[in-house]
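Please read the structure below before turning to the comments.
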């Protein structure tokens, strides 16, 4: 997505083949918060919104909307409102959410008023939107959107497959933009990453798989 000031970012996520082991999987849309000009602005941290396969939640279904202050301002978890959703573990960021394999969900991070940023999930099978909650961040726009998978299972665990589509953003001046490519990154093995995860573009979908042969290298740009 372009590095211009944004007021909202969104993406559609579908879990095509879900986890078969009792480990945490997290698939998220992330954006950084910033105040001031595009080139001279001050980073205020980042927030991530996504679905989780979390064994401690009912049916292993959960949604998370949280983030962290920028390290330059001391770091720490962002504050926010409560949620109408229950949280089996009483976690301020993670809530019960019964998503299903084969269902498409639109994730959206959007401005909700001065210093307030809303995370919402829309189940596209029913067109039902759930507002997870709002984060309090002293920022006036978003930058650096990204999508990612975080997997806490062993590298040789049963493979999973997810796919992303409809990546989009709205600028602060009201323009609608859609990216035509993404820059690819993998966590290094030295930092705990697996060498057998892969991201590809197939029929317009951005596909992420585990326990498979890697097709594209770190730093590659994928287009659709």
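Values in this text are rule-based calculations from the coordinates and carry no lab data. Just so it is clear, the structure is predicted and the values come from calculations on it, not from any experiment. So basically every Cβ, Gly included, is an ideal-geometry build from the backbone, and we count neighbours across all protein chains shown.
Some points to look at:
- Taking each residue of region 94-110 that is on the phi > 0 side of the Ramachandran plot and looking for partners that are in a strand (DSSP E or B) with beta-carbon atoms closer than 9 Å, six or more apart or interchain, yields 102/14; 102/15; 102/16.
- If the condition is being loosely packed, with under 13 Cβ neighbours inside 10 Å and farther than 20 Å from residue 11 by Cα, then region 174-218 contributes 188, 189, 190, 191, 192, 195, 213, 217, 218.
- Any strands (runs of 3 or more DSSP E) falling wholly within region 46-131 and containing at least 2 residues that are in contact with a helix residue (DSSP H, G or I) (Cβ under 6 Å, 6 or more places away or on another chain): none
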